[in-house]
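Comments concern the structure below.
The values are calculated or read from the model by the stated rules, or taken from the named source; none is laboratory data. Bear in mind the structure is a predicted one, so any value in this text is a computation, not a measurement. Every residue, glycine as well, gets a Cβ built from its backbone with ideal geometry; the counts of neighbours run over all protein chains shown. In case anyone asks, the SASA skips ligands and DNA or RNA and just uses the protein heavy atoms, side chains included. Shrake-Rupley method; radii C 1.70, N 1.55, O 1.52, S 1.80 Å.
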Amino acid sequence: MGELNKEVVDLVWKRPGSNGVSASLFRRWTQGMVFSETEHTALEQFEGGPCAVIAPVQKPSLYLLFLVEEEQKAALCSTLAEILEQACSTSSTTSYCLVTWAKGQCPHTTTHTSLTGGPETSQTQQDQQPSEKRIVKSLSELREEVVSLYESWKGRCGVLLFLYSVILTKRIENIRNEIEDTTEPLIDPVYGHGSQSLVNLLVTGHAVSNVWDGDRECSGMKLHGIHNQAAVGFLTLMESLRYCKVGAFLKSPKFPIWILGSETHLSVFFAKEMCLVAPESPSEQARRVFQTFDPEDNGFIPDCLLEEVMKALDLVSEPEYYVSLMKSKLDPEGLGIVLLAPFLLEFFPDQDTGIPDSFPVYHYNGLKQSNHNERVEYVQGSALVLGFEDPMVRTDDTPVKRCLQTKWPYIELLWNTDRSPSLN
């Protein structure tokens, strides 16, 4: 398995021509799935970096919130098994791979350089690579094996053991086929942050590098995005800065849980209101389809594309007459463009989203230093989503709020604590 170990290490850590990653950076990733002493269902992150794995694993916070401490084990193992099952189902594989360290323990970080490509003896390298693996064929067997390895997940290198298990279950060649730039490792070897491909792999089962819906063509290249509604969502501060555009499949997940991304960290926002993730309404579908014809998020399309949008939404009965009529109505000044807002108002007026004006929300940040008094706890609050800007209800402008405004433009947040939770 030595050559396979090297392929895993290169995929995770190594850029071509580099000497691997420093021991100090790798040390930040050598932690287990450890629960907070003050919030018994919240996983704790010791240093920057592993949030790319910990936040997706923390995703069932909504349900864990109501569990008693004794149910930690079952809840965590169930989540790990679900992520592995998803990785298997999105590839051509029919088996699951669970990785353990040789000799049953994590290597000491002081001699880790061999794992990430540094100059170590072959014997040391062999000892320090995850050279033991368990192959299971059925889902029931997978769940049993994941539970049997509970102490390993909690142990010093539990995060990495699980990451390597997902990679080998998905298979390296399948991951490389999905990653846009195969020269970039899943973990940045300079700063230690997980890539978007790594986050997408754990959230959706696909290691694609983008967050938009579907695939796009750019200079003759096909750029892969998200193709199905995710169970858990993803929102990013980068969208508020107009660096990217998250698609509806991640913005509107199956459960009201969203991973929030800042420039350097991942946290989790969740609620109990299932109506927040109700099936896509006709107006929401129309917005999503319209935006696929507006990849640069300009808020408009050329009028020549109106017929294609209407056909995609089954809005065309008499193409020549009706489309021409709609062009005149939606572009009365003859500018050659159709704006999104008038389009939605014309075809989907006064649609009730079903979202309550106010509902309780929670925020999780696994880093101790990012929590009040360095206690990893859920921060509770209330969200107001009025659908319009109300000058009488205006809360502080914070990174968490700006991140959430990429989904709910007029959301206001009232937290039960003296200070707003941190996105970093």
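Observations, loosely collected:
- Distance between modelled label sites at residue 7 and residue 221, nm, 7 Å Cα→Cβ extension: 2.4
- Among 80, 404, 315, the residue with the largest mean-square fluctuation in a Gaussian network model of the chain, with springs joining Cα atoms closer than 10 Å, is 315.
- For region 198-267, Kirkwood radius (reciprocal of mean inverse C-alpha pair distance, Å): 12.3
- List 265, 206, ordered by accessible area with a 1.4 Å probe, largest first: 206, 265
- Region 242-359 - Rg over Rh from alpha carbon coordinates, Kirkwood radius: 1.04
- Taking a quarter of the surface of the Cα convex hull of the chain gives a mean projected area of 23.0 nm².
- Considering only alpha-carbon pairs that sit under 8 angstrom and 6 or more positions apart, the relative contact order computed for the chain is 17 percent.
- Here is the P(r) of region 272-424: all C-alpha pair distances, binned every 10 Å from 0, give 9, 30, 25, 20, 11, 4, 0 in whole percents.
- In this structure, the amide hydrogen of residue 100, modeled 1.01 Å from its nitrogen in the peptide plane, lies closer than 5 angstrom to those of 132, 133, 134, counting only residues at least 5 positions away or on a different chain.
- Relative to the longest principal axis of the Cα atoms of the chain, the long axis of helix 2-13 makes an angle of roughly 50 degrees.
- Relative contact order [Cα under 8 Å, 6+ residues apart], region 285-424, whole percent: 18
- Net charge in the neighbourhood of residue 180 (other residues with Cβ under 14 Å of its Cβ; Lys, Arg +1, Asp, Glu -1) is -2.
- Tilt relative to the chain, helix 72-89 - C-alpha long axis, 0 to 90 degrees, to 10: 70
- Span from the region 162-209 Cα centroid across to the region 239-279 one, whole angstrom: 20
- Proximity of backbone amide H atoms, modeled 1.01 Å from N, is registered between residue 367 and 45 at under 5 Å, excluding neighbours fewer than 5 places apart on the same chain.
- Rounded to the nearest Hz, the phi-derived 3J(HN,Hα) couplings of region 408-419 under the Karplus curve 6.51 cos²θ - 1.76 cosθ + 1.60 (θ = phi - 60°) are 10, x, 10, 6, 10, 10, 10, 8, 7, 10, 5, 10, where x marks glycine and proline.
- Only beta bridges with both residues in the chain are counted; by DSSP, about 85 percent of them are antiparallel.
- Fully extending the segment from residue 325 to residue 144, taken as 0.36 nm per residue of separation minus the present Cα-Cα distance, adds 58.9 nm.
- Eligible lysines near residue 272 by straight Cα distance, threshold 27 Å, same-chain separation 8 or greater: 59, 73, 245, 251, 254, 368, 401, 407
- Inter-label distance, residue 274 to residue 357: 2.5 nm, where each label sits 7 Å from its Cα along the C-beta direction.
- Per-pair calculated FRET efficiency, R0 = 30 Å: residue 254 and residue 297 via Cβ, rounded to 0.05: 0.80
- With θ taken as phi - 60° and the Karplus curve 6.51 cos²θ - 1.76 cosθ + 1.60 applied, the whole-hertz 3J(HN,Hα) list for region 37-44 is 6, 9, 9, 5, 10, 9, 6, 9 Hz, x standing for glycine and proline.
- In nm, spacing of pseudo-spin labels at residue 28 and residue 93 (7 Å Cα→C-beta vector): 2.7
- For the chain, size of Cβ-based charge dipole, Lys and Arg +1, Asp and Glu -1, in debye: 1340
- DSSP-defined antiparallel bridges as percent of all bridges, region 184-299, nearest 5: 65
- Leading residue at positive end of dipole, the chain (Cβ point charges), from 8, 417, 23: 23
- Split the chain at each of the chymotrypsin sites (Phe, Trp or Tyr not before Pro) in a DSSP loop with at most 12 other beta carbon atoms within 10 Å, and the longest piece is 244-387.
- CD proxy at 222 nm, helix term only [per DSSP H run n ≥ 4: -39500 (n - 2.57); per residue of the chain; nearest 500]: -9500 deg cm²/dmol
- Exposed loop sites were defined as trypsin sites (Lys or Arg not before Pro) in DSSP loop states (anything but H, G, I, E or B) carrying at most 10 other C-beta atoms within 10 Å; in the chain the longest segment without such a site runs 243-393.
- Shape call, region 174-235: gyration tensor on alpha carbons, a/c limit 1.5: oblate
- Around residue 322: net Lys/Arg minus Asp/Glu count, Cβ-Cβ under 13 Å: -2
- Cut-off under 5 Å, modelled amide H: who pairs with residue 236 long-range: 261
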